[in-house]
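The next block holds one structure in the form of structure tokens; read it before the comments.
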Amino acid sequence: MTDLAIVNGTVVIPGSDPAQMDVAITGGVISGLVEQGSITGASHVVDATGLHVLPGAIDPHIHLGGYQPLGTDTEPGTRLAALGGVTTLVNYFKATGSYLDLVPEYIKTFERDSHIDAAFHLQLLTEPHLLELETTTRRFGITSYKINLAWKGREKAVFDSDRPVDNGWVWSVMEAMKEIAPDKMVLNVHCENQELKNEAKRRISDEMSPDLEFYERLAPDFSETDSVLSMMLLARVTGVTTYLVHLSSDLTMQALELPWAESDHLFGETCPHYLMHTTDSAAELELTVSPPVRHKEDQDALWEALADGRLDTVGSDSNPILRDTKMGNGEFWSVKPGFDSVGLIVPSLLDGGYHRRGIGLGRIAEIMAESPAKIFGLYPQKGTIASGSDADLILVDLDKESTVGQEATAEHSDFSVFAGMTLRGWPVATISRGELIAQDGHMLSEPGRGRYLRRET
């Protein structure tokens, strides 16, 4: 007996042309992709006439519990994600203590409050983190870890560590990963050369103007690209899968044309704010983020790289924060980086990619679902539309235009850097493991249905 049938829609399997098919779902997984009109006796039917059926988006980069407690962020954050067509998250955690003690509480809080499923990344900060790496990996099924090279020089002040977070640290972590599960482990790297950023600040601080143009000059494009080139080298030397997070610049996209970038071990991510904003954005200092948003030529280069495959994924880099906290005391130097944008991946790709730049829906499905699932060990359970895969699906109205407003905010984050932008192409229904959890801007599920996703080692 089919539990749910999605009928009369146009199905988009990642990497393929859209096709007219019906989708049968049984026990929370896809049980068949069949000729339209051939499913009979389904318990529930969703009519997708005029809509496209895509795999639910996977947000591989989000910071629930970053500025605020995880218990504050999880329910509203996963609610906004589901409304925006995201059915799976991979959430970052950063702490100085032992993850062996902390991860069980993370899992408990997440599964208590979440509407959707999630895996975890952990940030490696201290020598004890490295010593516990194998145990953490095997005990919790966590196979992806992060190093933030922008912490260099601030280790002692920020997390009381004497271990420099530098390229030597990256090399040591990569070598440890090779010993644990060389085909499963992924190292995520925040690529900025902090020494170059420090020098940029020293040179231009007396030219300070409280705007995004000056903010961008404090982290010049080559500070990102310098780190990217180093990570390309270390990925080549070690063979460890390396995932370059939130890439922002044309110069870096040029680096990804080099032969060393043509590797099964190197992947690149960008974010909706780089794709849809530049330094002249009306969001002004609400849009401060690290790395910063840049210029039109950078934005165009990112879209080109998504289209041709140099970039693999889009992650929100969402870091929920209240506006008063973000803006500090009102002075430029007190403004904090980050904002919430978890539900904007799908409409950004549809508006900016499909409608404005002609990127095909099959490629968009790869970017937002299949690629992150494959990179982070969630495929084929997640990231595709196939028999046996979780029935994580979104129904999309390609022609729906909507102006972003208060619906993009919640109690954990009371502003949106996308406010006032009119985007074309929106999810109108979200299905997670065969359950219709959001429809027409309304949540239908209750918190606590999300599952923690262990990954094989």
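The values are calculated or read from the model by the stated rules, or taken from the named source; none is laboratory data. These figures come from a predicted structure and were not determined experimentally. Note: ideal-geometry Cβ built from the backbone for every residue, glycine included; neighbour counts use all protein chains shown.
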Taking A150, is it surrounded by fewer than 23 Cβ atoms within 10 Å (Cβ to Cβ), more than 22 Å from L244 (Cβ to Cβ) and of a type outside the set (F, W, Y)? no
If I ask for residues that are in contact with a Phe, Trp or Tyr (Cβ under 6 Å, 6 or more places away or on another chain) and over 26 Å from Q194 (Cα atoms), which ones from the stretch 128-184 would you list? T136, I142
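Working carefully through the options A176, A157, A181, find the one that is buried (at least 18 other Cβ atoms within 10 Å of the Cβ) and more than 22 Å from T252 (Cα to Cα). Walk me through it before giving the result.
Working: A157 fails: buried (at least 18 other Cβ atoms within 10 Å of the Cβ); A181 fails: buried (at least 18 other Cβ atoms within 10 Å of the Cβ).
Within the list A176, A157, A181, the selection yields A176.
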Among the numbered criteria (1) in a helix (DSSP H, G or I); (2) under 26 Å from E257 (Cβ atoms); (3) touching a strand residue (DSSP E or B) at 6+ places or on another chain (Cβ under 8 Å), which single criterion is violated by L187? (1)
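Determine whether the stretch 273-293 contains at least one residue that is over 20 Å from the mean Cα position of the chain (by Cα), of a type in the set (S, T, N, Q) and in the same structural domain as V346 (by TED's automatic domain parsing).
The answer is yes, given that some residue of the stretch 273-293 is over 20 Å from the mean Cα position of the chain (by Cα), of a type in the set (S, T, N, Q) and in the same structural domain as V346 (by TED's automatic domain parsing).
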Close pairs (7 angstrom Cβ cut-off, 6 or more residues apart or separate chains): assigned by TED's automatic domain parsing to the domain that holds Y145 and in contact (Cβ under 8 Å) with a residue 40 or more places away in the chain in the stretch 190-212, assigned to a loop (DSSP other than H, G, I, E, B) and among the basic types (K, R) anywhere: Q194/K152
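Would you point out the residue of the stretch 15-38, among those that are of a type in the set (S, T, N, Q) and in a strand (DSSP E or B), that is nearest to L306 (Cα to Cα)? Can you show your working first?
Of all residues in the stretch 15-38, those of a type in the set (S, T, N, Q) come to 16, 20, 26, 31, 36, 38.
Applying the additional criterion that residues be in a strand (DSSP E or B) yields 20, 26, 31.
Details: Q20: 26, T26: 34, S31: 31 Å.
The selected residue is Q20.
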Among the residues of the stretch 110-130, are any assigned by TED's automatic domain parsing to the domain that holds A365, within 19 Å of the chain's Cα centre (by Cα), farther than 27 Å from K156 by Cβ and assigned to a helix (DSSP H, G or I)? yes
Would you be able to say whether some residue in the stretch 416-424 is assigned by TED's automatic domain parsing to the domain that holds I25 and in contact with a His (Cβ under 6 Å, 6 or more places away or on another chain)? yes
Would the stretch 302-314 turn up any residue that is assigned by TED's automatic domain parsing to the domain that holds G268, among the β-branched types (V, I, T) and more than 19 Å from S249 (Cβ to Cβ)? no
If we keep just the residues of the stretch 1-50 that are without any contact (Cβ under 8 Å) to a residue 24 or more places away in the chain and acidic (D, E), which is surrounded by the fewest Cβ atoms within 10 Å (Cβ to Cβ)? E35
